[in-house]
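Chemist: Encoded as structure tokens, here's the structure I'll be asking about.
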Amino acid sequence: MRLRMSIRFLAVSAFGVLLAAVPMGYAQQAQQGDQRPPWVEDGDTRPAEEAYKNIKVFTGLPANRLKAVMNTWKNSLGVECTFCHTRGEWESDSIEEKGFAREMHKLTADLTKNYFGGKEEVTCYTCHRGEKHPAKRLPAAPVQRQARPVAP
Ligand code: HEC
Ligand code: HEC
């Protein structure tokens, strides 16, 4: 329940960004020859599992919110949709990363529930920071701070 609320929050905050990104995304798909637009109609609030074909972790999420989640995942990991999907076969599980992303979603939901009282403190971005592979170790040499420029 709480998780769903935080997804809603996420969806709402991503909405503005999406408005700007939608025409670009469509143009890109058209370019790559995909005949099947991936998303349901904007007003479609059926549970995602009814509107889409292969929903395992986002059961109960209003179908029109999935777009915001997918865009957030893409940007949090700094990848393209095709890191997890074959274009035009969005329901397919043939790419391993898609299955892994489901596990990562469960991990993030468990952290939220068990360690942060349901508050959205940990997201994909918390660890990934726009990278596929979150850094595991400190950098070998500490990053040197630039001296602050002195006003003339
Ligand atoms: C990090 C992996 C990942 C990325 C990146 C990603 N997705 Fe997904 N996508 C998933 C997973 C996992 C599911 C299934 C969710 C579930 O089981 O509830 C899914 C489900 C979907 C579905 C529903 C398909 C169906 O009918 O079941 C669509 C459509 C979709 N993604 C489109 C996209 C688009 C478009 C992008 C890029 C903007 C994208 N995804 C980026 C992992 C990803
Ligand atoms: C607690 C930190 C943490 C959080 C939160 C987290 N991840 Fe990860 N993720 C990792 C680590 C660590 C790896 C393994 C990196 C490696 O293989 O170098 C990883 C790997 C992955 C991979 C596999 C990358 C590959 O190259 O195959 C995917 C996909 C992924 N995460 C998606 C997600 C998504 C989607 C979310 C949010 C729902 C998420 N992660 C949240 C730490 C995290």
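Read-outs throughout are calculated quantities, based only on the coordinates presented, and are distinct from any laboratory measurement. All values reported here derive from a predicted model rather than from experimental measurement. Cβ coordinates were reconstructed from backbone atoms using ideal geometry, including for glycine residues, and neighbour counts include every protein chain displayed.
Chemist: Can you tell me which of 75-84, 91-100 comes out highest on packing, and rank the rest after it, using the mean Cβ neighbours within 10 Å?
Modeler: 75-84, 91-100
Chemist: Go through Asn64, Asn114, Pro139 and say which Cα lies farthest out towards the positive end of the charge dipole of the stretch 50-143; charges sit on Cβ, +1 for Lys and Arg, -1 for Asp and Glu.
Modeler: Value: Pro139.
Chemist: Cα convex hull of the stretch 37-136: how many Å³ per residue? Intermediate results must be reported in sequence, preceding the final value.
Modeler: Working: hull volume 10.4 nm³, N = 100.
Given the Cα convex hull of the stretch 37-136, per-residue volume reads 104 Å³.
Chemist: Follow-up question, since we're still on this one. What does the net charge come to around Glu96 if you take all other residues with beta carbon closer than 12 Å to its beta carbon, with K and R at +1 and D and E at -1?
Modeler: On the way: positive: Lys98, Arg102; negative: Asp93, Glu97, Glu103.
Local charge sum for Glu96: -1.
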